[in-house]
1. Across segment 103-112, which residue is nearest to A49 (Cα to Cα) among those that are surrounded by 12 or more Cβ atoms within 10 Å (Cβ to Cβ) and either in contact (Cβ under 8 Å) with a residue 12 or more places away in the chain or among the aromatic types (F, W, Y) (or both)?
2. Out of (1) surrounded by fewer than 12 Cβ atoms within 10 Å (Cβ to Cβ); (2) near the ligand (Cβ under 9 Å from one of its atoms); (3) modelled with pLDDT of 95 or more; (4) over 13 Å from the mean Cα position of the chain (by Cα), the odd one out for D89 is which?
3. Every residue in segment 4-47 that is at pLDDT below 60 and either within 16 Å of the ligand (Cβ to nearest atom) or among the polar types (S, T, N, Q) (or both), please.
4. Confirm whether W61 is surrounded by 12 or more Cβ atoms within 10 Å (Cβ to Cβ), more than 9 Å from the ligand (Cβ to nearest atom) and of a type in the set (F, W, Y).
Amino acid sequence: MKLTICTLLFVGFCMTMVQSAPVADKVTHEQIEEVMKKGFKAKLQDDLAANKEVLAKYAAWLAEYKPPKGDAESWKKKTGAIVAAIKADNQAALKKATNCKACHNVHKKKSSK
Ligand code: HEC
């Protein structure tokens with residue numbers, strides 16, 4: 001009997017782990033900094049074929065992030081286009097979707113450059 005309860009607890013624990021594994025609770029500003037600096041600024045998006053894995057991770061973070069400015073609907077559209085372009089292996093679409101200015105104008109505060 002004891003063993004059964006332990007097993008149940010253990011399985012429950014594992015399931016919780018699995019559920020929370022793919023996306024962290026909340027994407028932090030530091031993570032977005034990494035996306036911008038190690039990703040976009042380093043031009044990883046210019047070579048989708050070579051950087052697909054890390055770009056997919058970054059795109060997922062972006063999609064989960066709550067931007068400091070602009071409305072959620074617009075953010076969803078912009079980050080959704082990035083996610084979709086990576087999924088479709090569409091270099092041209094990714095280039096268009098990662099237009100720095102178009103997104104910064106709407107979603108980035110003026111103070112942080
Ligand atoms: C989908 C929207 C989006 C796109 C596309 C985008 N950015 Fe950003 N970027 C942001 C947001 C939002 C912030 C501010 C994040 C914050 O303050 O939490 C930011 C911040 C930055 C920062 C400052 C990071 C810091 O130190 O806090 C840099 C540098 C940057 N972006 C570079 C780029 C470059 C270069 C490109 C294009 C190649 C680009 N970004 C494309 C949304 C975007």
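The values are calculated or read from the model by the stated rules, or taken from the named source; none is laboratory data. All values derive from a computational prediction rather than experimental measurement. When we count neighbours, we look across all protein chains shown, and the Cβ atoms used for this are built from the backbone with ideal geometry, even at glycine.
1. First pass over segment 103-112, keeping only residues surrounded by 12 or more Cβ atoms within 10 Å (Cβ to Cβ): 103-108.
When the remaining residues are screened for being either in contact (Cβ under 8 Å) with a residue 12 or more places away in the chain or among the aromatic types (F, W, Y) (or both), the result is 103, 106-108.
Working: C103: 23, V106: 29, H107: 28, K108: 28 Å.
Of everything passing the filter in segment 103-112, C103 is nearest to A49 (Cα to Cα).
2. (2)
3. Across segment 4-47, the qualifying residues are T16, Q19, S20, A24.
4. Working: surrounded by 12 or more Cβ atoms within 10 Å (Cβ to Cβ): yes; more than 9 Å from the ligand (Cβ to nearest atom): yes; of a type in the set (F, W, Y): yes.
The answer is yes for W61.
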